[in-house]
1. Can you tell me which residue among Val36, Val106, Val94 is under 32 Å from the mean Cα position of the chain (by Cα) and within 21 Å of Pro218 (Cα to Cα)?
2. Can you tell which of Gln255, Gln246, Gln278 is closer than 28 Å to Met95 by Cα and either at pLDDT 90 or above or surrounded by 11 or more Cβ atoms within 10 Å (Cβ to Cβ) (or both)?
3. Within region 132-140, is even one residue out of contact with any Leu (no Cβ under 8 Å at 6 or more places or on another chain) and within 26 Å of Leu227 (Cα to Cα)?
4. It is to be established whether one or more residues within region 136-149 are without any contact (Cβ under 8 Å) to a residue 12 or more places away in the chain, closer than 30 Å to Met212 by Cα and of a type in the set (Phe, Trp, Tyr).
5. Out of all the residues in region 61-104, which are outside any helix (DSSP H, G or I), open to solvent by less than 40 Å² (accessible area, probe 1.4 Å) and of a type outside the set (A, V, I, L, M, F, W, C)?
6. Of everything in region 105-120, what is farther than 22 Å from Thr204 by Cα, assigned to a helix (DSSP H, G or I) and open to solvent by 50 Å² or more (accessible area, probe 1.4 Å)? Give them in sequence order.
7. How many residues does region 154-199 hold that are within 27 Å of the chain's Cα centre (by Cα) and free of Cβ contacts under 8 Å to residues at least 24 places away in the same chain?
8. Would you confirm whether any residue within region 320-329 is touching a Gly at 6+ places or on another chain (Cβ under 6 Å), in a loop (DSSP other than H, G, I, E, B) and either modelled with pLDDT under 90 or surrounded by fewer than 16 Cβ atoms within 10 Å (Cβ to Cβ) (or both)?
Amino acid sequence: MSHPVSDAEERHAEPEAIRAIRRKHPWRVIFAVLLVLIAGVFIYDAAFNRPVFAWPEVGKYLFDTRIIGAIGYTLQLTVYSMVIAIVLGVLLAVMRQSPNPVVKAVSWVYLWIFRGTPVYVQLTFWGLVPVIYKTVSLGIPFTEAVVTFTTKDLLSYYTLAIIGLALNEAAYMAEIVRAGLLAVDKGQDEAATALGLGWWHTMTRVVLPQAMRVIIPPTGNEVISMLKTTSLVAAVPFIGELFTRQRDIAAVTYQPVPMLIVASVWYLVITSILMVGQYYLEKHFAKGIGQRPDVQRPSVATETITVVGELDTEYPTYTEADGRTSIVPPHSGTGGGGR
């Protein structure tokens, strides 16, 4: 039976909106203004008071054919090295998780060597490979060689640069992948074993796909880092990438600062594009993780709850043994009124 809605019910159903007053932070405003002023002074000084920057030279060489060609080599070194490093890094990470002690030891020694020595030193060694190993011979051991190659003709400096970058990066990718594998709940491994899957199938079909959510963000950072690390391949020596090419042009124009700005602009452009791609890739692999609806809706229809005795509403009653009159509980059972 319906009953008229009282003022108390209306106040309960439609509470007054909270008037939140934002707390003021004057020091934040002052600090922000100071940062803007400092940035403005620096930009003005660089644009008008520093002739060494030579902005006309920057515009002249920004789209120079030699610079554009060097960007192509830089991107090739980045892509080829990262593809090899990712494949090798996954293999090394899986080897680290292997129950075979020999396989695990080989992976550990690889990481120990390539993570423990600077990449510039490694690239220098790779540049000396044609000197250390002048020829490469193929054949049956302790017999005459069937085929002999000259190392310098077989491995160009471009190829050696890719090998050096890839092998160094693979050591770091292995640790990233291993961290992703360890982030997967142990129960997934146990469930796969209970289903009869072997170790290899468990890794490739159960663990690795779930670990991608953890692996992708640092891998994107490593790609960006690899792009900048290509500037070190002059140690091989390979002179076709962006940094070395701008240095060669600066050696002719005697203006190193404008050419450094040109290289920096292109590095920033490429890294910005990579960061956008990394964002969408992370968003794709993070689907279904940590998401919740913006509005929590009740699962059943609810009505206004009133206080007993507040309204002139009749409730079913019963008489107890001592003569007292009590209200019948709305429901009985577990969690409800008494029986």
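The values are calculated or read from the model by the stated rules, or taken from the named source; none is laboratory data. Computed from a predicted model, the values in this text were never measured in an experiment. Here the Cβ is made from the backbone with ideal geometry for all residues, glycine too, and neighbour counts use every protein chain on show. Each accessible area value is taken on the protein alone, full model and side chains, heavy atoms only, with ligands, DNA and RNA left out. Shrake-Rupley method; radii C 1.70, N 1.55, O 1.52, S 1.80 Å.
1. When all the criteria are applied, what remains is Val94.
2. One residue alone meets the criteria, Gln278.
3. Within region 132-140 (the criterion being out of contact with any Leu (no Cβ under 8 Å at 6 or more places or on another chain) and within 26 Å of Leu227 (Cα to Cα)), the answer is no, since none of the residues qualifies.
4. Scanning region 136-149, I find no residue that is without any contact (Cβ under 8 Å) to a residue 12 or more places away in the chain, closer than 30 Å to Met212 by Cα and of a type in the set (Phe, Trp, Tyr), so the answer is no.
5. Asp64, Ser98 - these are the residues of region 61-104 that are outside any helix (DSSP H, G or I), open to solvent by less than 40 Å² (accessible area, probe 1.4 Å) and of a type outside the set (A, V, I, L, M, F, W, C).
6. Correct list: Val109, Trp112, Ile113, Arg115, Gly116, Tyr120.
7. Residues meeting the conditions: 6.
8. Within region 320-329, one or more residues are touching a Gly at 6+ places or on another chain (Cβ under 6 Å), in a loop (DSSP other than H, G, I, E, B) and either modelled with pLDDT under 90 or surrounded by fewer than 16 Cβ atoms within 10 Å (Cβ to Cβ) (or both).
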